[in-house]
1. Of these, B:R210, B:R201, which one is within 14 Å of chain A (Cβ to nearest Cβ), buried (at least 16 other Cβ atoms within 10 Å of the Cβ), farther than 23 Å from B:F67 by Cα and touching a His at 6+ places or on another chain (Cβ under 9 Å)?
2. Which condition does A:A93 not pass, out of (1) crowded, with 16+ Cβ neighbours inside 10 Å; (2) within 16 Å of ligand 2 (Cβ to nearest atom), if it passes all the others?
3. Please find, within segment A:20-68, the residue that is nearest to A:A181 (Cα to Cα) out of those that are part of a loop (DSSP other than H, G, I, E, B) and within 14 Å of chain B (Cβ to nearest Cβ).
4. Condition first: within 9 Å of ligand 1 (Cβ to nearest atom) and within 18 Å of the chain's Cα centre (by Cα). Now tell me which residues in segment A:18-36 satisfy that.
5. Quick one: count up the residues across segment A:189-213 that are touching a Ser or Thr at 6+ places or on another chain (Cβ under 9 Å) and modelled with pLDDT under 90.
6. Considering every residue within segment A:182-202, establish whether at least one is in contact (Cβ under 8 Å) with a residue 60 or more places away in the chain and within 16 Å of ligand 2 (Cβ to nearest atom).
7. Could you say whether any residue in segment A:129-141 is surrounded by fewer than 18 Cβ atoms within 10 Å (Cβ to Cβ) and not in a helix (DSSP H, G or I)?
8. Among the candidates A:L47, A:L69, A:L6, A:L98, which residue alone is crowded, with 19+ Cβ neighbours inside 10 Å, at pLDDT 95 or above and in contact with a helix residue (DSSP H, G or I) (Cβ under 7 Å, 6 or more places away or on another chain)?
Amino acid sequence: MNTVLLEASGIGKRFGGVQALKDVSLTIKSGEIYGLIGPNGAGKTTLFNVFTGLYPRDCGEVQFAGAALDLASPHAVAAAGIARTFQNIRLFANMTALENVMVGRHVRTRAGVFSAILRTRAERTEEAAIRRRAEELLHYVGIADRADDLARQLSYGDQRRLEIARALATDPKLLALDEPAAGMNATETTALRSLIEGLRRDGLTVLLIEHDVKLVMGLCDRVAVLDYGEKIAEDVPEAVRANPKVIEAYLGASAA
Amino acid sequence: MSMSARDKFGLALIAVALIALPFVLASAGTAWVRITNFAVLFVLLSLGLNIVVGFAGLLDLGYVAFFAVGAYVYALLASPHFGLHLPFWVILPIGATVACVAGVILGAPTLRLRGDYLAIVTLGFGEIVRIFMNNLSSPVNLTNGPKGINRIDPFQIGPLNFSASDTIGTLVFSGPIKYYYFLLLVLLAVIVINRRLQDSRIGRAWVAIREDEIAARASGINTRNIKLLAFAMGASFGGIAGGMFAAIQGFVSPESFVLNESIMVLAMVVLGGMGNIWGVIAGAMLLSFVPELLRYTVEPVQRALFGKLLVDPEVLRMLVFGAALVLTMRFRPAGLWPETRHRREMSENRA
Ligand SMILES: Nc1ncnc2c1ncn2[C@@H]1O[C@H](COP(=O)(O)OP(=O)(O)OP(=O)(O)O)[C@@H](O)[C@H]1O
Ligand SMILES: [Mg+2]
């Protein structure tokens, strides 16, 4: 329970004049739900993008599951076991829900062009397994009945669930969720909450960006706070909530 | 997956029709068999381009370059030009391989480009290949320049020569008819390959890249390799079609591989319905046959009606072509016979 899964040290990222991340270091332990909060523009999404290899970083290293993470290639990050969702949902809009999840299996499967053309026994077995796993995952996130609908036709809440299913299909060790409750109504948020609790029960480590304070405080084992690209706090939820620096960051932001 | 009796019957009917077709056409003139053969070649090209444009969403305006590579490989290895006369079943795979390599060479520098930029670079590549063919006649005469390469060997299987006629009973198997059957077999194989690829791990990865490249990367797809694979596969099909083109035509010259041809093949893919194999086939057939039909009907009809030729068939051809594209884009933007996904999307909009 207490082994370190991810250790980031000295992460820096600048966009022109904006220092989006400044010397950010954090440690995520196996099996915990780690919250990442901070005012708008604090650098939370940017940190996700660095962790998943989508943005090149300026400096810093990430150790993941005991090895240095190759941040230069997103597919290597996915293969190492980090999966994510996006703040502004990015699904394969014209593929069905099931196909979206099947794409997530890509990194754990092997069939190439020739075995597909020849429809080898191994390829057919693998395809069947991909489909079965994808169906299971749709069921797990609760949208099994939408399997054959195009991703674009799903409701907002279901699209968020589908993104989680697609991410889970890569068999991650760490699931990074970027504001999964954004735009959800109360019922959907409650369902999301029990989904994330289920993930924890199943042994997954979760990194959660979320603005919904109740959700973060209720779910997370530990919370880090980013402000202007710097980590200003990292502690259990109650301590973070009482931290004067955090209060000031939020009040300053809302006063501005 | 199992077929109903009705499906089987329909399929058998289509098969019989396709087998009988060349003889029906031949009774109207051997030219029509030839026209059909070229139409099938264009279907093959369109199916190849469909992998790149339709599945993977990479806009390629230089596709004819791979057709050219395949044609020249065949011409150089089976003509008096170098005095080489390899059999076609050796050359076609070589042509496909060389075209495949060319596809990777073109693909590699364009991996970071999308949309318009990709179109421009691929367009340039297509022109470069053509200009090479035009100019590689000195200091070493590789391609014979603008004059092209003549007297290319026809296909030969044992005693069966594809340029001569054979008579079996009362049936005359002319050269074009033999090529027709060969092309039909290749087409069948290419359709099966395309369908299998489409429903495979790689096919899904192509569509994922087309839909959202960033999400595809984050989902663990090595987008660089998978895109190169699309270019390579598409190019291989183009190379095989090129080899058959060289053999059927008997000569090749750079003139056959101009930008217009790339645009024509792209138009076939788009008109028919990007991503849907049947739509692409329909598009290629339409754009191949309608101009020929016009060529054979416009002149006699005008002479019968007005006693003289008012509109040149060639002018009308471009007019019809342009109008067809504009009307398709206006009324059926996803093509005449779009991919199921796109079709569903449209019916959803209507509902
Ligand atoms: N691609 C980019 N190019 C330029 N600047 C960027 C880019 N991405 C983020 N930024 C800037 O970096 C800073 C951090 O942005 P980021 O999206 O990481 O914030 P965030 O904490 O996720 O905010 P929010 O809660 O609004 O999602 C912002 O000032 C933002 O404008
Ligand atoms: Mg954000």
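1. Being within 14 Å of chain A (Cβ to nearest Cβ), buried (at least 16 other Cβ atoms within 10 Å of the Cβ), farther than 23 Å from B:F67 by Cα and touching a His at 6+ places or on another chain (Cβ under 9 Å) holds for just one of B:R210, B:R201, which is B:R201.
2. (2)
3. Selected residue: A:T52.
4. A:L36
5. 1
6. Within segment A:182-202, one or more residues are in contact (Cβ under 8 Å) with a residue 60 or more places away in the chain and within 16 Å of ligand 2 (Cβ to nearest atom).
7. Within segment A:129-141, not a single residue is surrounded by fewer than 18 Cβ atoms within 10 Å (Cβ to Cβ) and not in a helix (DSSP H, G or I).
8. Within the list A:L47, A:L69, A:L6, A:L98, the selection yields A:L98.
The values are calculated or read from the model by the stated rules, or taken from the named source; none is laboratory data. Note that the structure is predicted; figures quoted are calculated from it, not measured. Positions of Cβ are generated from backbone atoms using ideal geometry, with glycine treated the same way; all protein chains shown enter the neighbour counts.
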